1. Of the residues that make up the range 153-164, is at least one more than 24 Å from the chain's Cα centre (by Cα), farther than 20 Å from Tyr333 by Cα and outside any strand (DSSP E or B)?
2. Check the range 21-37 and report whether any residue there is in a loop (DSSP other than H, G, I, E, B), under 21 Å from the mean Cα position of the chain (by Cα), under 18 Å from His241 (Cβ atoms) and modelled with pLDDT of 70 or more.
3. In the range 57-119, which strands (runs of 3 or more DSSP E) lie fully inside it and hold 1 or more residues that are without any contact (Cβ under 8 Å) to a residue 24 or more places away in the chain and farther than 30 Å from Gly143 by Cα?
4. At least 2 residues that are free of Cβ contacts under 8 Å to residues at least 60 places away in the same chain, within 30 Å of Asn267 (Cβ to Cβ) and of a type in the set (Gly, Ala, Ser) in each: list the strands (runs of 3 or more DSSP E) lying fully within the range 178-244 that qualify.
5. If you scan the range 345-356, which residues turn out to be surrounded by 12 or more Cβ atoms within 10 Å (Cβ to Cβ) and either in contact with a strand residue (DSSP E or B) (Cβ under 7 Å, 6 or more places away or on another chain) or over 24 Å from Ser112 (Cα atoms) (or both)?
6. What residue, among those in the range 86-140 that are among the aromatic types (Phe, Trp, Tyr) and surrounded by fewer than 22 Cβ atoms within 10 Å (Cβ to Cβ), is nearest to the chain's Cα centre (by Cα)?
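The values are calculated or read from the model by the stated rules, or taken from the named source; none is laboratory data. Since we're looking at a predicted model, the values are computed, not measured. Note: ideal-geometry Cβ built from the backbone for every residue, glycine included; neighbour counts use all protein chains shown.
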Amino acid sequence: MKMKKLRTILALSVALIASHQQMAFSQITIDATNLTNYLGVGTSWMSYQKNDGAQGIGIGTASSSVAQTWTIPAMAFTDSGRADNISPANSPYLPDFPSAGYAQRIRQSVDSVAVEMYQFIGFSNDTIYALGGAQHMFGTVNGHQVDTTLVQHVTKILDVLPWHLGYNRVSSLDTTQEAGGYTKIEKITTVCDAFGTLNLPIGSFQALRMKSTDLDYYYYGSTLSYVDTSYYYQWMTREGHRAEVDGVQKDGQFVDATAISLTYVVNTPTAVRDSHSRPETFALEQNYPNPFNPSTMITYGIQRTSNVTLKVYDMLGREVRTLVNEVKEPGRYQVQFDAKGLPSGVYFYRLAAGNQLETKKLVLTK
């Protein structure tokens, strides 16, 4: 089952949040006033994904005007990342995207290469647009220094506001040529058909549910050969957190989820706001989420090439995991700590690079 890219951080699935004011479920509306809550400067998206096997997830009943309850259980995620919301004026590429109202910055390091990506968003007449982005890659590849930048302009409608119970939109209608002489016409229809309480590993929140039906029509010449149907569900909370499930319908209330993603909106860590890709100081950030179960992300930075170790210890000082033990180039790095098999409790993680050392505490709750 293919994973719809608009649910990942990199593809900018713009699921917007509702007002923080107290209101009845039937009055929840996501409109232009909520954009700054979700994409505002000083917030970040923490994203977690699991694509490695089916898992039964309750998606509730069919369209209903009665509040429902959904639960996304705690699980080990296989991929994670973070995108920081920044002012377009604070990016190096504002002249390329002068109409952008919002921007996101994503930083990653792979071996000795650092990648910094910017994505730009516009808003006009209740319509949200992806405007394109830029990618800057620098570092060492096979002993050679690389430093390249790619800017791409692609204007695409992401969505039309407002969102509310009963919202209905055809969000995609694409034609592509497939192998064997087939033509595929894809049509995605999204309906906001339910509301209620969403239980996430980090807490319980009021939410709207969006059901998307993906119909792939395969034609050979002018003859319709077959239709491939798939479904995915999204939940958006007032706080901006969202969950998404791809899967095969089991019955009216459950799907076998082949892909699950969670995105939490958090305050951007102060240490990385508007900083440079090459860190000026040795830094170990607080893991997120914390407390956690069973996995969490640890971010750190080093300012010079060093042998880096990142280890986890229990309360008695016994080493329980080695997460990193290798030479690293200057840059920011993220590593996932999967505590599967460890008992609940307080642990410590320690970063060492050269003669520099820093330790922080994390809490595992099961």
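1. Checked against the condition, which is being more than 24 Å from the chain's Cα centre (by Cα), farther than 20 Å from Tyr333 by Cα and outside any strand (DSSP E or B), the range 153-164 yields no hits at all.
2. Checking the range 21-37: not a single residue is in a loop (DSSP other than H, G, I, E, B), under 21 Å from the mean Cα position of the chain (by Cα), under 18 Å from His241 (Cβ atoms) and modelled with pLDDT of 70 or more.
3. 102-110
4. 203-220
5. Answer for the range 345-356, where residues must be surrounded by 12 or more Cβ atoms within 10 Å (Cβ to Cβ) and either in contact with a strand residue (DSSP E or B) (Cβ under 7 Å, 6 or more places away or on another chain) or over 24 Å from Ser112 (Cα atoms) (or both): Gly345, Tyr347, Phe348, Tyr349, Arg350, Leu351, Ala352, Ala353, Gly354.
6. The residue in question is Tyr129.
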